[in-house]
Amino acid sequence: MTKILGINSFHAGASAALIIDGKVEFAIAEERLNRVKYFSGFPSLSIQECLKYSNLKINDIDHIAVGRNPTSNLDKKIFYTFKNLHLLPNLLKIKASKNTLDDLKTLLEKECDFKFKDMRFETHKIEHHIAHTASAFYNSSFASAAGITIDGSGDFVTCMMTICKDKSIIPIHKIYVPNSLGTFYSAICQYIGFENYGDEGKVMGLAPLGKDTYRDLFLNMINYEGGNLILNKNYFTKFGNNQGIYIREDGTMGVSKLYSDKLTTDYGPARKKNTEIGQKEKDFAFSLQKRFEEIYIDLLNDLYDRTQNKNLVLAGGCALNSVANGKIYDFTKFKKTFIHPAAGDDGLAVGAALYVAQKYEVKKQSINSSPYLGKKYSKKNIQSSLTKNSVGFLYLEETKLINRVVDDMCNGKVIGWFQGRSEWGPRALGNRSIISHPGFPNMKDILNARIKKREPFRPFAPIVLEEYTDIIFERSESSPYMLHVYKIKKEWRSKLPAVNHIDGTGRLQTLKEIDNPRLYKLIKTFYERTTIPVILNTSFNENEPIVETPEEAIKCFLRTKMDTLAIDNFYCNKTIR
Ligand SMILES: [Fe+2]
């Protein structure tokens, strides 16, 4: 048995994953455990949970794979540095960074309290974009695929195209710093006042409220020509330390100012965070998203021309742009896609480990595409958390529990739905979710007023029973990880007001019974009662990382105006004593 730990550390979305005999056994992001959103330090808790899940000790681990390699693309780094001499100190830091990774055993001794003598593993440093690609390809069912990873940057690369076949991933084209589609998107997000790491998804939701006022600016700002992305450097700052990103003392990721003063000179001051969003910001978001999609599709079409393979695997932070993903089938020749549920940098832990695992496998593994790879909690644990917090409960068998929850949904209640293992990746996919009836016109406002307190323009998402997808949406390709946005058919928009965005779209999760039987049964029961095979789903949290433990779910239930809490077979509301 080959046991491999994958790690993403000192980078956004610190995480760890355990792969045994080529299969993903467990994976979790550190933010779920230490409650620091986008934690970017060392994933010490995640590593310990990986071992605990499979009853392993550190001396059982054969390999540790890290999702970056500072010496990758060194020739490009040196060439770029000599053209931009202010970056010379960065190049010198590569040696220090390399040593940090080489010193993994010392780090594990300090952070996880392991004994040096117990660590016999071999360390592997896997180039950032190879690890991204591996996370998608090895979890897909494809024997071969065209691969593309697109992000801000990692190991000096911003986009990598690959041929993925059998066990191999062969890079065929790379785009390097500073030309980055992710940086382009993040820079404009900053300018319009969304400056936190990870705010890009909010701007994607804002875009449909605007119009294409800034078309000329964005045509001038970024182009894709001759296989290269070209950013107009007049609009961007020069990359500083670590390609514009830094880690704060609390372990969160910061991004330096990415846009140049030319933008403010030409288009006025940037919007300050938390101030009113005006038409200008909406129009910037619209034009930004449109240009992003055009370049995204250009890249994909170029990839298809280079590979002639109709299967596509995608990863990297830009692959979380579900609006762009929803257009792949209309504007490219790809017929099937697989996007890793943790497409961002948290997914590097799985990708790096799977890449190493292939060396020890006879044929391609792992095809474990379940996103439910985190912790599970015992009946005893849940019951003691409820008792400790003085929450009354009923313990119901599954059908009774589901009927009670569907009753509540039909009565317009908001339900905290917690079951089984937590989800891998940024989306709540029905195991740590807040759910409700999608047909109440005021449900979005209720959720925002009572629990989520997020920007009113942001849409809530639908989960649909997969067999009804083409009845409700204009496309029927599956989207099991909520990574595609499709148009909702006109006749359904008025029946689904709480999940129908202003442009008549929904960021859907398609659900097969085999993937989550209890959630499937819940939605099927809701459908039988209402003739709507869709529920509203949003992450179980209140301005924090998604809840991980029963204790966190109970605390969120108690401090918000959530009506019902269903944790595995425990049913609670605020009147049960
Ligand atoms: Fe990345």
Query raised in the report: With all protein chains present and a 1.4 Å probe, how do 32, 493 order by accessible area, largest first?
Result: 493, 32
Query raised in the report: How many percent of DSSP beta bridges within the chain run antiparallel, rounded to 5?
Result: 70
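Is it possible to state the helix-based mean residue ellipticity at 222 nm for the chain, with each DSSP H run of 4+ residues giving -39500 (n - 2.57), the sum divided by total residues, to the nearest 500 deg cm²/dmol? What is it?
On the way: 21 runs with 198 residues, N = 577.
One gets -10000 deg cm²/dmol as the mean residue ellipticity at 222 nm.
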Requested in this report: First select every other residue whose beta carbon is under 14 angstrom from the beta carbon of residue 54; then total the charges, Lys and Arg +1, Asp and Glu -1.
Outcome: +2
Report task. On the full set of protein chains, 1.4 Å probe, figure out the accessible area of residue 471 and give it in Å² to the nearest 10. Result -> 80
Report summary line: Carbon/sulfur accessible area of region 451-570, % of total, 1.4 Å probe, equals 50
Report task. Any chance you could look up the accessible area of residue 291 with a 1.4 Å probe, heavy atoms only, rounded to 10 Å²? Result -> 20
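Between their Cα atoms, which of 290/495; 174/487; 105/174; 165/233; 280/453 are more than 25 Å away from each other?
In this structure, 290/495; 174/487; 105/174; 165/233 lie more than 25 Å apart at Cα.
Accessible area per residue for region 311-470 in Å², computed with a 1.4 Å probe and the full protein assembly in place, what is it?
Working: 5750 Å² over 160 residues.
That works out to 36 Å² for each residue.
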Report task. Provide the per residue accessible area, probe 1.4 Å, for region 501-577, rounded to a whole number of square angstrom. Result -> 37
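Name the helices (complete DSSP H segments) of the chain with a Cα length along the long axis of 24 Å or more and a Kyte-Doolittle mean of at least -1.0, or state none.
Details: long enough: 279-307 (42 Å, -0.88).
Qualifying helices: 279-307.
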Report summary line: Rounded to the angstrom and largest first, Cα extents along the principal axes for the chain equal 69, 63, 45
Requested in this report: Have a look at the DSSP beta bridges in region 284-440 and tell me what percent are antiparallel, nearest 5.
Outcome: 55
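Can you work out the FRET efficiency for the pair residue 370 and residue 116, with r the C-beta to C-beta distance and R0 = 35 Å, to the nearest 0.05? Walk me through the numbers on the way to the answer.
Values: r = 35 Å, r/R0 = 1.01.
After rounding, the FRET efficiency stands at 0.50.
The values are calculated or read from the model by the stated rules, or taken from the named source; none is laboratory data. For clarity, every value in this text was computed on a predicted model and none was experimentally measured. Virtual Cβ from ideal backbone geometry, glycine too; neighbours counted across all protein chains shown. These accessible areas exclude ligands, DNA and RNA; they are computed on the full protein's heavy atoms, side chains included. Shrake-Rupley method; radii C 1.70, N 1.55, O 1.52, S 1.80 Å.
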